[in-house]
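The values are calculated or read from the model by the stated rules, or taken from the named source; none is laboratory data. A quick note: this is a predicted structure, and the numbers were derived from the prediction, not measured. Every residue, glycine as well, gets a Cβ built from its backbone with ideal geometry; the counts of neighbours run over all protein chains shown.
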C-alpha cells in the first residue's frame, strides 16, 4: 500500500511495439528490473521529456535505442497503455504512465550506440521475437498481455481505443 502520494514521481513514458518484415517484435532484456527472475524483456522506449509530446518522445527513444529514425507522425496513435507504481533501488517511488505505439518496419539493423550509458548498463541484449516464441517462453515479458495485442495488431485489427495492459511490478511498500 502506498502511504504518502506526495512522494510519488510521475513518469510518463512512450514505448514502441516495433515489428519487422518477418512479424517479429523487438524486445530488450533489462537487468535488475524485476526481483524474480532478476530481468525482464521489454519494448524500446523511455521517459517523456518536459514539453515533449508522446509521439515525439517515442520517435526520439526509437532513434536512441535502435538507430531507426521515423517522424512522430509515422507512429500513429497510442494502441495500448499501462500504469502503476514502482520503487527505485534508491527508495524513490514512481508512478509510470506507459503509452505504446505500434510500428511495422522492414529490416532494421539495431544500433544501440546512441543509448545513454545508464540504459546500456541495464540491458544486456536484444532479440526479435515471433508470436509463437512469445507464447512459449517462460521468461518474463512486459507488458503483461503483449502477445495477445501483438497477434491482434499483426492481423490488422488496430483498436479504436488503447488497450489497457495490467501493471507488471509488484505493489511497492
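Annotations
- Residue match in the range 55-66 (condition: over 16 Å from the mean Cα position of the chain (by Cα), closer than 23 Å to residue 151 by Cβ and either modelled with pLDDT under 95 or surrounded by 12 or more Cβ atoms within 10 Å (Cβ to Cβ) (or both)): no
- Condition broken by residue 18, with the remaining ones in (1) at pLDDT below 95; (2) surrounded by 14 or more Cβ atoms within 10 Å (Cβ to Cβ) satisfied: (1)
- Residue in the range 112-122 that is in contact with a strand residue (DSSP E or B) (Cβ under 6 Å, 6 or more places away or on another chain), modelled with pLDDT of 80 or more and surrounded by 16 or more Cβ atoms within 10 Å (Cβ to Cβ) present: no
- The residues in the range 132-156 that are within 15 Å of residue 102 (Cα to Cα), touching a helix residue (DSSP H, G or I) at 6+ places or on another chain (Cβ under 9 Å) and at pLDDT 95 or above can be counted, and the count is 5.
- Restricted to strands (runs of 3 or more DSSP E) entirely inside the range 62-151, those with at least 3 residues that are over 19 Å from residue 28 (Cα atoms) are 78-87, 93-104.
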